[in-house]
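Everything below concerns the one structure shown next.
The values are calculated or read from the model by the stated rules, or taken from the named source; none is laboratory data. Small disclaimer: the values here were computed from a predicted structure and weren't measured. Cβ placement follows ideal geometry from the backbone for every residue including glycine, while neighbour counts extend to all protein chains displayed.
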Amino acid sequence: MKVTVKYFGLVAEAAEKSEEVLEINEALTASELKARCLNGLAIAEKDSVQIAVNQNLDDKTIINDGDEIALLPPFAGG
């Protein structure tokens, strides 16, 4: 299956890209895909990166063909 992964903020900077299409050959949860995408990137607090699947923040969602994944840096409020 193919999914589109979009990177934002410091995640995009570390990945040196803002988007890519991944071919996935097994069932993964959003948190498993997040770990795979962040593996090897120079991000100090990887746990603070949030993942959205089809614009819904839920790291337990099972990834499906055609999903749009967003990896979001920590947000600062004010």
Within the range 1-30, how many residues turn out to be exposed (fewer than 15 other Cβ atoms within 10 Å of the Cβ) and assigned to a loop (DSSP other than H, G, I, E, B)?
7
Candidate set from the range 31-78 (those that are at pLDDT 95 or above and in a helix (DSSP H, G or I)); member that is nearest to the chain's Cα centre (by Cα):
Lys34
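Being of a type outside the set (Asp, Glu), under 13 Å from Lys6 (Cα atoms), surrounded by 12 or more Cβ atoms within 10 Å (Cβ to Cβ) and touching a residue at least 24 places away in the same chain (Cβ under 8 Å), is that true of even one residue in the range 41-49?
Yes, because at least one residue in the range 41-49 is of a type outside the set (Asp, Glu), under 13 Å from Lys6 (Cα atoms), surrounded by 12 or more Cβ atoms within 10 Å (Cβ to Cβ) and touching a residue at least 24 places away in the same chain (Cβ under 8 Å).
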Could you grab the pairs with beta carbons closer than 6 Å, sequence gap of 6+ or different chains, first residue in the range 14-26 and in contact (Cβ under 8 Å) with a residue 24 or more places away in the chain, second one surrounded by fewer than 14 Cβ atoms within 10 Å (Cβ to Cβ) and of a type outside the set (S, T, N, Q)?
Ala14/Ala42
